[in-house]
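Q: Let me begin by handing over the structure; questions about it come next.
Nothing in this text is a laboratory measurement; each read-out follows from the coordinates by a stated rule. What you see is a predicted model, and the numbers here were worked out from it, not measured in a lab. Here the Cβ positions follow ideal geometry from the backbone for every residue, glycine too, while neighbour counts run over all protein chains shown.
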Amino acid sequence: MRIALVTDTYTPQVNGVTTIVRRVVEVLGRARQDVVVVAPEYPVSQPGTADVELRVPSVAFPLYPALRLSLPQPRRVALFLDAFRPDLVHVMTEGPVGLIGRQYTLRRGLPLVTSYHTDFPQHSRYYGLGTLEAAIWHWLIWFHHPAALTHTPGAFVKAELERRGLTRVRVWGRTADTAQFDHRKRDVALRRRLGVPDAAALVLYVGRIAKEKNIEVLAEAWTRAHAELGGRAVFLFAGDGPLARRCAREMPWAIQLGFMDVSTLAVLYASADLCVLPSRTETCGLVAVEAMASGLPVIAADAGGFRESVTTWTNGFLIPPDDARGFASAISQLVLDPDLRQRMGAEARLAAVMADRGEEDERLLSDYAAALGRRTEESQWRAA
């Protein structure tokens with residue numbers, strides 16, 4: 001198979017979508033399938049081999065500089081993909097680059113696979129655009145409707161997409177690399193450099209520091225927990241975003257490390273003691289699965305994809321998304337009870353290991369083959 005991946009986010013950015021795209025590239029490489037990637041160009045880029053990657057110029061989104069808006073270059077993309085001659089195109093995102101990939105695929109009559117990773121309808125509520133939610137859903141269904149298959153990482157989201165009329169939805173991308181994310185990478189020296197006392201717990205948040213991640217609830221919960229725990233806990237943000245400066249101003253005792261590469265993040269996970277994730281808009285919550293693979297109990301919002309990985313009193317706690325007191329109480333409970341923390345961390349690691357990543361990777365290849373087979377059958381039917 002010759003597969004083209006088209007995405008609006010890729011390395012060096014660190015996020016769930018980038019993680020999935022990199023994983024697909026790795027799966028196809030191991031299976032000795034040909035693959036190219038079309039993605040935005042970044043100021044600090046990690047260009048790939050010229051013949052397997054096309055970087056499209058992009059500019060920073062004014063309201064959120066970490067996000068890039070790619071400049072429309074459909075002809076350049078078409079020339080690149082025509083030279084590659086893909087059997088199938090997988091459009092990973094619904095942004096400007098994704099739209100170009102969708103248009104190219106439909107015009108060439110190729111099989112189209114799409115992915116739905118981001119809950120844009122819910123995000124709209126956080127930015128005062130809730131009245132557009134119905135219109136956003138209408139546009140998303142239009143975008144994905146021609147696809148032979150649509151991948152999404154959560155069963156909850158799959159059910160919602162099917163309820164809204166998409167009939168060819170598959171759950172894919174729910175597992176973490178348990179070799180990369182591993183509790184045995186714990187680094188005592190790193191903890192000391194961060195100023196974490198030997199007897200203290202390191203409380204971690206990983207992700208964008210933005211409204212849609214429910215950061216205001218996180219800030220209130222952390223402030224309450226910090227007041228109760230004092231020096232028994234150290235709080236750390238791994239990520240960046242529009243609310244980072246505000247959080248630094250209101251919580252000067254919390255460490256901010258910004259975005260980091262995956263290898264560094266894996267060591268940080270393993271060196272922490274628990275992870276707090278209050279977002280209500282996660283389609284999967286891959287960050288929770290990575291934290292669990294690293295042996296961390298997870299305190300997460302009782303919403304979206306977190307419900308599919310976190311089990312209260314087993315490997316963490318699910319808390320109502322707006323209950324800052326509940327989050328603070330769960331943090332304090334785990335900080336003050338190392339035995340409970342260790343037991344939940346072990347269960348979290350076990351759950352991540354039990355999820356069969358190899359089986360999921362094989363299913364990706366089967367899904368691509370099925371999409372190619374469906375298009376072949378359609379062509380034969382039309383010819384007849």
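Q: Taking the chain as a Gaussian network, Cα atoms linked when under 10 Å apart, which of 263, 332, 279 shows the biggest mean-square fluctuation?
A: Result for the chain, Cα springs under 10 Å: 263 fluctuates most.
Q: Taking the 0 to 90 degree range and rounding to the nearest ten, how far is the long axis of helix 133-144 tilted relative to the main principal axis of the chain, both from C-alpha atoms?
A: The angle comes out near 50 degrees.
Q: Ok, one more. In terms of the Cα gyration tensor, with a ≥ b ≥ c the square roots of its eigenvalues, is segment 239-332 rounded because a/c is under 1.5, prolate because a/b exceeds b/c, or oblate? Let's see the in-between values first.
A: Details: a/c = 1.56, a/b = 1.18, b/c = 1.32.
Judged from the Cα gyration tensor, segment 239-332 comes out oblate (a/c at least 1.5, b/c at or above a/b).
Q: Right, here's the next one. Which lysines, if any, have their Cα less than 22 Å from the Cα of residue 158, not counting same-chain residues under 8 positions apart?
A: Partners found: 213.
Q: Further question: Is segment 183-354 best put as rounded, prolate or oblate by its Cα gyration tensor, with a ≥ b ≥ c the root eigenvalues, rounded for a/c under 1.5, and otherwise prolate when a/b is larger than b/c, oblate when not?
A: Judged from the Cα gyration tensor, segment 183-354 comes out rounded (a/c under 1.5).
Q: Also, quick follow-up: Residue 324: net charge of surrounding residues, Cβ under 11 Å, Lys/Arg +1, Asp/Glu -1, itself excluded?
A: Here the charged neighbours net out to -2.
Q: Would you list 317, 61 from fewest to most Cβ contacts within 10 Å?
A: On the way: 317 24, 61 11.
The most exposed by this proxy come first: 61, 317.
Q: Right, next: Which percent, to the nearest 5, of DSSP beta bridges fully inside the chain are antiparallel?
A: 10
Q: What is the sum of charges around residue 117, taking Lys and Arg as +1, Asp and Glu as -1, for the other residues whose C-beta is under 11 Å from the C-beta of residue 117?
A: Details: positive: none; negative: 8, 94, 119, 282.
Around residue 117, the surrounding residues sum to -4.
Q: Helix 338-354 versus the longest principal axis of the chain: what is the Cα-based angle in degrees, 0 to 90, to the nearest 10?
A: On a 0 to 90 degree scale, this one is about 10.
Q: What does the charge add up to near residue 290, with Lys and Arg as +1, Asp and Glu as -1, over the other residues with Cβ less than 14 Å from its Cβ? Mind showing how you got there, number by number?
A: Numbers: positive: 22, 23, 174, 185, 349, 357; negative: 177, 182, 261, 282.
Residues near residue 290 contribute +2 overall.
Q: Nearest 10 degrees, 0 to 90: what angle lies between the long axis of helix 74-84 and the longest principal axis of the chain (Cα atoms)?
A: Helix 74-84 and the main axis of the chain meet at about 80 degrees.
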